[in-house]
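What follows is a set of notes on a single structure, which appears directly below.
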Amino acid sequence: MAQNEKIQDRTLVISRTFKASAQAVYDAWTKPDQFAKWMGPGGYTVPECEIDLKAGGQFRAVVKSPEGGENIAAGTYEELAEPDRLVFTFGWNYPEGRGHVTAITVELAESGGETEMTMHQALFAEAEHRDQHNQGWNASFDKMEKVLG
């Protein structure tokens, strides 16, 4: 039981409903011009985004803070089931080296002109990192909602 609690503490699950088709939400995750519009909390921009959308393909996005600092989000696509499911690795490349890498699964279920998106990200090195990503992803998904709107 204690081991499961530790895994739970290092796992992030976010569910959001968008007034858009599953295809539109899938495209927001997988098309560089769309991904760049919503990735990062308010005030952050993505001046560079590259996506090689295939199993084993890589993505790389430069995420720039309002103060001008840049970090690079990068990963590898593991599963592409358009428009219902997307699985990839995710980590930050910092000037001092590669950060902890997690696995992200995005599942999309369309119904009545809306799409429920469930994102699962695990395992974080620490619960604190999970909490930081929770804030960052939710702020990013607020931007995605406007992009899809």
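Just so you know, all these numbers are worked out from the coordinates, no wet-lab data involved. If you're wondering where the values come from, they're calculated on a predicted model, not measured in any experiment. In this analysis, Cβ positions are derived from the backbone assuming ideal geometry, glycine residues included, and neighbour counts consider all displayed protein chains.
Local charge sum around Trp137 (other residues, Cβ-Cβ under 14 Å, Lys/Arg +1, Asp/Glu -1)? Net local charge, Trp137 excluded: 0.
With a cut-off of 11 Å between beta carbons, the residues surrounding Gln121 carry a summed charge of +2, where Lys and Arg count +1 and Asp and Glu -1.
Across the stretch 8-148, the mean sequence separation of Cα contacts (distance under 8 Å, 6 or more residues apart), normalised by length, yields a relative contact order of 32 percent. This ranking places Phe35, Phe141 by how few other beta-carbon atoms lie within 10 Å of each, fewest first, which gives Phe141, Phe35. Here is how the number arises for the chain: DSSP H runs of 4 or more residues each give -39500 (n - 2.57), the sum is divided by the residue count, and the result at 222 nm is -9500 deg cm²/dmol. When the C-alpha to C-alpha distance is required to be over 25 Å, the pairs from Lys31/Lys143; Lys64/Lys143; Lys19/Lys64 that qualify are Lys19/Lys64. Could you point to the label whose value was computed as semi-axes √(5λ) of the Cα gyration tensor in Å for the structure here, given (i) 30, 19, 15; (ii) 22, 20, 15; (iii) 26, 22, 15? Correct label is (ii). Of interest is the spacing of the C-alpha centroids, which for the stretch 77-139 and the stretch 1-55 amounts to 5 Å. What residue among Thr118, Leu12, Ile51 has its Cα farthest toward the positive end of the dipole of the stretch 8-148, where the charges are +1 on Lys, Arg and -1 on Asp, Glu, each on the Cβ? Projecting each Cα onto the dipole axis, the largest value belongs to Ile51.
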